[in-house]
Amino acid sequence: MTAVVHDREVVIFYHKGEYHAMDIRCYHSGGPLHLGEIEDFDGRACIVCPWHKYKITLSTGEGLYQSIDPKDPSAVPKWCSKGVKQRIHTVTVKNGHIYVTLSQASDFKCDSDFYATGQFKVIQRPSTLRRVPDFKNI
């Protein structure tokens, strides 16, 4: 489900009995997360961006990547955190209604803020969705 909260586009996921909300555009290149699939990686539920397959945890907004120990290339790769990259928001359910409270952008900076600031506008074409600069504001 998608929504606009105070001019910020968010996506709301319901996964295994819990609601999660985050910025709708992927921190990497603005991909449409609402079109991604939810998968588990090392026990962490993630949305997988449909554009470049970046994995973002639903609960924390961390970007995940696989790491191999260079000293032991035969070792099983481990899922590691890139740190919080995607801004997540609080979801509350009351009397059957879903409410999203935006996290404070002033508390810390997330890479996904770049695509949520309105500095870029989305152009949708039949088979692609991408962001381009809004030259009117430059």
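The values are calculated or read from the model by the stated rules, or taken from the named source; none is laboratory data. All figures in this text were calculated on a predicted structure; none of them were measured in a lab. Don't worry about glycine lacking a Cβ; one is built from the backbone with ideal geometry, like all the others, and counts go over all protein chains shown.
Of all residues being hydroxyl-bearing (Ser, Thr, Tyr) and touching a helix residue (DSSP H, G or I) at 6+ places or on another chain (Cβ under 9 Å) in the stretch 26-83, which is surrounded by the most Cβ atoms within 10 Å (Cβ to Cβ)? Just the residue, please.
Looking at residues that are hydroxyl-bearing (Ser, Thr, Tyr) and touching a helix residue (DSSP H, G or I) at 6+ places or on another chain (Cβ under 9 Å), I get TYR27.
Under 24 Å from ALA116 (Cα atoms), part of a strand (DSSP E or B) and either basic (Lys, Arg) or more than 10 Å from the chain's Cα centre (by Cα) (or both): which single residue out of LYS82, LYS53 fits that description?
When all the criteria are applied, what remains is LYS82.
Just to be sure, is LYS71 among the charged types (D, E, K, R), under 17 Å from ALA3 (Cα atoms) and at pLDDT below 90?
no
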